[in-house]
Amino acid sequence: MKVSVKAKPAARENKVEEQEGGLFTVSVKEPPVKGRANLAIIKLLANYFSVSTSNVRIISGQTSRNKVVEITLPGE
């Protein structure tokens, strides 16, 4: 499944919030330096959807706050 994500790097806390229309706002403590925020987003979404980090990948928006993330759920 593909989800739209609005990233908030360098936030006070790590959290995932589902907005209207299937948009997710993901706040991470990591700064947007050398992909550290993207890695934190992947880990947080994997935990939120109860899947392995290898089942979560950013397919567009690597350097943008607006991302499209593909999540492979068990049974798909």
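The values are calculated or read from the model by the stated rules, or taken from the named source; none is laboratory data. Everything quoted here is computed from the prediction, not taken from an experiment. Reconstructed Cβ throughout: ideal geometry from the backbone, glycine too, with neighbour counts over all protein chains shown.
Taking the conditions (1) on the phi < 0 side of the Ramachandran plot; (2) part of a loop (DSSP other than H, G, I, E, B); (3) modelled with pLDDT of 95 or more in turn, residue 40 satisfies each one other than (2).
Restricting to segment 50-76, count the residues that are over 17 Å from residue 6 (Cβ atoms) and in contact with a strand residue (DSSP E or B) (Cβ under 7 Å, 6 or more places away or on another chain). Walk me through how you get there before you give the answer.
Here is the first cut: in segment 50-76, the ones over 17 Å from residue 6 (Cβ atoms) are 50-55, 57, 72-76.
Of the ones still in play, those that are also in contact with a strand residue (DSSP E or B) (Cβ under 7 Å, 6 or more places away or on another chain) are 51, 55, 57.
Selection size over segment 50-76: 3.
When every residue of segment 42-61 is checked against the conditions, none turns out to be of a type in the set (D, E, K, R) and crowded, with 17+ Cβ neighbours inside 10 Å. Filtering segment 1-37 to residues that are in a helix (DSSP H, G or I), at pLDDT below 95 and either out of contact with any strand residue (DSSP E or B) (no Cβ under 7 Å at 6 or more places or on another chain) or closer than 16 Å to residue 72 by Cβ (or both) leaves 20, 21. Residue 7 falls short on exactly one of the conditions (1) without any contact (Cβ under 8 Å) to a residue 24 or more places away in the chain; (2) surrounded by 10 or more Cβ atoms within 10 Å (Cβ to Cβ), and that condition is (1). Each residue in segment 43-60 was checked for being touching a residue at least 12 places away in the same chain (Cβ under 8 Å) and either in contact with a Pro (Cβ under 6 Å, 6 or more places away or on another chain) or in a loop (DSSP other than H, G, I, E, B) (or both), and 2 pass. Scanning segment 26-55 for residues that are in contact with a Lys or Arg (Cβ under 8 Å, 6 or more places away or on another chain), more than 14 Å from residue 8 (Cβ to Cβ) and not polar (S, T, N, Q) turns up just one, 42. The numbered conditions (1) of a type outside the set (A, V, I, L, M, F, W, C); (2) surrounded by 13 or more Cβ atoms within 10 Å (Cβ to Cβ); (3) modelled with pLDDT under 95 are all true for residue 70 except (3).
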